[in-house]
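**Q** The structure follows.
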Amino acid sequence: MTSIDWAKVRADFPILAQQVNGKPLLYLDNAASSQKPRAVISALVNYYERDNANVHRGLHELSSRATDAFEGARAKVARYLGAESAEEIIFTRGTTEGINLVAATWGAANLKAGDVILLTEMEHHSNLVPWQILAEKTGAKLCFVPVADDGALAFEPALLDGVKLFAFVHVSNSLGTINPAADLCRAARAVGAVTLVDGAQSAGHMPVNVREIGCDFYAFSGHKICAPTGIGALYGRRELLEKMPPWHGGGEMIVSVTYERATYKQPPHKFEAGTPNIAGAVGLGAAIDYIEGIGRQNIFDHDAGLTARAVQHLAEIPGVRVLGPAKRGALAAFHAEWAHPHDLTTFANEHGLALRGGHHCTQPLMRKLKMPGTTRASFYFYNTADEVDRMAEILRAAHRFFA
Ligand code: PLP
C-alpha cells in the first residue's frame, strides 16, 4: 500500500480538467508525450520572470542565477539516473538527439567496415535510423535480436559474436516489453561491446540506475517525464565521453580558438555547442523533483495496475488482440480486426479519448507482425481506474459501430 493521494496528484495537472468534443478529456497517449504539472509550468514562468539570461559566460547576477539553475538541473539528472557525476550528463533535445550524438561521435570514431552493430527488431526509428546512417558511412553491419511471438526478445549470447555496439530499447513503445537491460548489458560487456539503452519509455516510469544497469549510454526525453519538449539528456560513462570527439562545433564547447583550430572543453560541455535550452533544463529539473516526490516505484506500481486492468478489458472485446508480453510497461497496444487504427482513434477522439493509432515509429516491426499498425493506450500516474473503464466503454461502443 502506498500513501500517495492520487486524486491530489491528478489535480496538479491543469490540462486534464477540460472537455474534448463535449466529453471529459481522457488522455491515454502518454507514451507519445506526458502532461505537465503546475510545478513544472511554474518553474518555467519563474525562470523567465526572474532569472532569464545566457549561461556560463556572463559575469552578472542573472547569468550566474541562470547558470546555477542550468547546472543544478544537470546535477538532478545525474542523481536521478544514478550517474557517478554531473559530468556524465549531456543535455540534448531528447532521446533521438542523444542517440544521434553517440552514433556521430563514438560510432564514427570507433567503428569500421565489417564491425557489427547489434539492435533489436523492436527498435523505435530513433534507435535504428542513426545506426543505418552510420553503417552507410563506415561499412559497419547491422544485426538484430529477433522478437519472439510473445513480444519478448529472443536474445542469446551468440548474437553478440563480433559485436562492437549493442543498442536496445529498455521498454518498447510498440509492444510494452520490458527488456532485461542489466542482463543484456552484462552479456555485452563480457564480449567487450559498448551498450546504449533507449530509455524514452523507462525514464519516467520505473526506477532507473545506469550503474546498476551497467550501460555505457542511456538516452531519454524530458517531455515523456512531465518536462517540456525540446529537452532531454544523454548519460555517457565518463571514460567513453572523454575519448569521444565533439559533435557540433561552436560557442560554449571550446577552450580556445584560432583561425585554424580549436581546443575543446571537457565533457559534458564539449558536446553542448551553442546556447542550450536553459528553460527546458530548468523544467526538466522541476519534473524530476516532482516525480521523485511521488516515487518511481509508486509510479510503476500504479501504472502496472492500470495497464493490467486495460489488458483485461481489451481481451473481452471480440476481435481484439493485445500485443506484447504479460509483464509490460505502462501501455497496451492492440489490433482490432474490425477497424483500422486511424478510424478507431478518430472514433475515440469524438468521445474525448486520446489514443494513438499507427506504426508508432516502428515500421519494420509492424511489417514483421504483418500489421498496418496498432492502436495504443498508454498510461501515466495521473490516470485513474475509472478512466480505464471509460476507455473500455468507448472501445465497446466502437466495436458495436464498426463490426
Ligand atoms: N525511443 C522510444 C522507445 C520512443 O518511444 C520514442 C518516442 O516516442 C523515442 C525513442 C524518441 O523520442 P523523442 O522523439 O522524444 O526523441
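**Q** Would you mind finding the one in A348, A332 that is within 16 Å of the ligand (Cβ to nearest atom) and either at pLDDT 95 or above or in a helix (DSSP H, G or I) (or both)?
**A** Going through A348, A332 in turn, just one is within 16 Å of the ligand (Cβ to nearest atom) and either at pLDDT 95 or above or in a helix (DSSP H, G or I) (or both): A332.
**Q** Any residue in the range 21-50 that is more than 10 Å from G283 (Cβ to Cβ) sitting within a Cβ distance under 9 Å of a residue that is within 15 Å of the ligand (Cβ to nearest atom) and open to solvent by 70 Å² or more (accessible area, probe 1.4 Å)? List the pairs, counting only those 6 or more apart or interchain.
**A** L28/R356; D29/R356; A31/R356; A32/R356; S33/T229
**Q** Right, here's the next one. Any idea which of (1) within 20 Å of the chain's Cα centre (by Cα); (2) open to solvent by 50 Å² or more (accessible area, probe 1.4 Å); (3) not small (G, A, S) is the one F144 doesn't satisfy?
**A** (1)
**Q** Show me the strands (runs of 3 or more DSSP E) found entirely inside the range 202-315 where at least 2 residues are more than 23 Å from G72 (Cα to Cα).
**A** 254-257, 262-264
**Q** Continuing with this model, one more query. Out of G283, G293, I need the residue that is free of Cβ contacts under 8 Å to residues at least 24 places away in the same chain and closer than 23 Å to A203 by Cα. Which one?
**A** Every option except G293 fails the conditions.
**Q** Filtering the range 355-403 down to residues that are within 16 Å of the ligand (Cβ to nearest atom) and assigned to a loop (DSSP other than H, G, I, E, B), which residue is surrounded by the most Cβ atoms within 10 Å (Cβ to Cβ)?
**A** F379
**Q** Any residue that is closer than 18 Å to I213 by Cα, assigned to a loop (DSSP other than H, G, I, E, B) and over 16 Å from the mean Cα position of the chain (by Cα) - is there at least one of those in the range 171-189?
**A** Yes.
**Q** Within the range 97-121, take every residue that is within 16 Å of the ligand (Cβ to nearest atom) and under 14 Å from F166 (Cβ atoms) and give me the one that is nearest to the chain's Cα centre (by Cα).
**A** It comes out as I99.
**Q** Restricting attention to the range 24-36, does a residue exist that is surrounded by fewer than 14 Cβ atoms within 10 Å (Cβ to Cβ), touching a Gly at 6+ places or on another chain (Cβ under 7 Å) and at pLDDT 95 or above?
**A** No, the range 24-36 contains no residue that is surrounded by fewer than 14 Cβ atoms within 10 Å (Cβ to Cβ), touching a Gly at 6+ places or on another chain (Cβ under 7 Å) and at pLDDT 95 or above.
**Q** Which of the residues spanning the range 345-356 are of a type outside the set (V, I, T) and under 12 Å from L28 (Cβ atoms)?
**A** Passing the criteria: A348, N349, H351, G352, L353, A354, L355, R356.
**Q** Also: Exactly one condition in (1) within 16 Å of the ligand (Cβ to nearest atom); (2) on the phi > 0 side of the Ramachandran plot; (3) charged (D, E, K, R) is false for K224; which is it?
**A** Tallying (1) within 16 Å of the ligand (Cβ to nearest atom); (2) on the phi > 0 side of the Ramachandran plot; (3) charged (D, E, K, R), K224 fails exactly one: (2).
**Q** Residues in the range 147-169 that are in contact with a Pro (Cβ under 6 Å, 6 or more places away or on another chain) and open to solvent by 10 Å² or more (accessible area, probe 1.4 Å): how many?
**A** So the answer is 3.
**Q** Further question on the same structure: Quick test of your reading of the structure: R93 fulfils all but one of (1) more than 16 Å from the ligand (Cβ to nearest atom); (2) at negative phi; (3) open to solvent by 70 Å² or more (accessible area, probe 1.4 Å). Name the failing condition by number.
**A** R93 satisfies all of (1) more than 16 Å from the ligand (Cβ to nearest atom); (2) at negative phi; (3) open to solvent by 70 Å² or more (accessible area, probe 1.4 Å) except (1).
The values are calculated or read from the model by the stated rules, or taken from the named source; none is laboratory data. Only a predicted model underlies this, so the values are computations on that prediction, with no experimental measurement involved. Because the Cβ atoms are built from the backbone with ideal geometry, glycine has one as well, and the counts that use them run over all protein chains shown. Side chains are part of the model used for accessible areas, which takes the heavy atoms of the whole protein and leaves out ligands, DNA and RNA. Shrake-Rupley method; radii C 1.70, N 1.55, O 1.52, S 1.80 Å.
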